[in-house]
1. Of all residues in the stretch 44-73, how many are small (Gly, Ala, Ser) and within 18 Å of Arg103 (Cα to Cα)?
2. Across the stretch 104-119, what is the number of residues that are in a strand (DSSP E or B) and touching a residue at least 40 places away in the same chain (Cβ under 8 Å)?
3. Look through Ile27, Ile31 and report the one residue that is under 19 Å from Val68 (Cα atoms), in contact with an Asp or Glu (Cβ under 8 Å, 6 or more places away or on another chain), modelled with pLDDT of 95 or more and not in a loop (DSSP other than H, G, I, E, B).
4. Residues Arg112, Arg103, Arg98: which one is within 13 Å of the chain's Cα centre (by Cα) and surrounded by fewer than 21 Cβ atoms within 10 Å (Cβ to Cβ)?
5. If I go through the stretch 24-46 residue by residue, how many of them are free of Cβ contacts under 8 Å to residues at least 60 places away in the same chain and of a type in the set (A, V, I, L, M)?
6. Collect the residues in the stretch 76-103 that are under 20 Å from Gln128 (Cβ atoms) and in a loop (DSSP other than H, G, I, E, B), keeping them in residue-number order.
7. Working only within the stretch 52-75, note down all residues that are outside any loop (DSSP other than H, G, I, E, B) and over 11 Å from the mean Cα position of the chain (by Cα).
8. If I filter the stretch 65-73 for residues that are farther than 17 Å from Val22 by Cα and exposed (fewer than 15 other Cβ atoms within 10 Å of the Cβ), do I get at least one hit?
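The values are calculated or read from the model by the stated rules, or taken from the named source; none is laboratory data. Remember, it's a predicted structure, so these values are computed and weren't measured experimentally. Backbone-built Cβ (ideal geometry, glycine too); neighbour counts: all protein chains shown.
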Amino acid sequence: MGQKARRSRSADGDGRIVLAVVSDLLIEVRIDAAAQLQGVAVKAVSAEDAAGHIGDSEYGLVIADLAVVPDLDGLASAARAAGVEVVAFYPHVNTELRKAAKRAGIEHVYPRSRFLRELPKILAARLQS
């Protein structure tokens, strides 16, 4: 299986991992920093490999950039099957992505600007649930 994980960081905590499905390195760094505040690790993977990673390992949360996920239904289905919650974000100008995510059953969908602004709070709330 061709895993394309870009990096995995260890963090002190209870072993929970945030799976980041993003292509923008700056957003990945912000997710990593917010996750470290929660004491969790981040593993960034390509959008094509995300569903396979969800099924292979235990993750506390999946964060997905809807602009790079080619199979949104597949990602949502894999997350549901694994019992993992998905938090997604999208470019505010592409509201069709938001609608598609909602149809796929992703409950927490944010415009990118709001997601980045509230990222620490979003992670804290989602990882506590």
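1. Step one: filter the stretch 44-73 for residues small (Gly, Ala, Ser), giving 44, 46-47, 50-52, 55, 57, 60, 64, 67.
So of that shortlist, the ones also within 18 Å of Arg103 (Cα to Cα) come out as 51, 64, 67.
Of the residues in that region, 3 qualify.
2. Keep residues of the stretch 104-119 that are in a strand (DSSP E or B), which gives 108-111.
With the extra rule that they be touching a residue at least 40 places away in the same chain (Cβ under 8 Å), the set shrinks to 109.
Looking only at that region, the number is 1.
3. Values: Ile31 fails: in contact with an Asp or Glu (Cβ under 8 Å, 6 or more places away or on another chain).
Selected residue: Ile27, the only one of Ile27, Ile31 that is under 19 Å from Val68 (Cα atoms), in contact with an Asp or Glu (Cβ under 8 Å, 6 or more places away or on another chain), modelled with pLDDT of 95 or more and not in a loop (DSSP other than H, G, I, E, B).
4. Arg112
5. 8
6. Answer for the stretch 76-103, where residues must be under 20 Å from Gln128 (Cβ atoms) and in a loop (DSSP other than H, G, I, E, B): Gly83, Val84, Glu85.
7. Going through the stretch 52-75, the residues outside any loop (DSSP other than H, G, I, E, B) turn out to be 52-56, 61-65, 72-75.
Result: Gly52, His53, Gly55, Asp56, Leu72, Asp73, Gly74.
8. Start the filter on the stretch 65-73 by keeping residues that are farther than 17 Å from Val22 by Cα, which leaves none.
Scanning the stretch 65-73, I find no residue that is farther than 17 Å from Val22 by Cα and exposed (fewer than 15 other Cβ atoms within 10 Å of the Cβ), so the answer is no.
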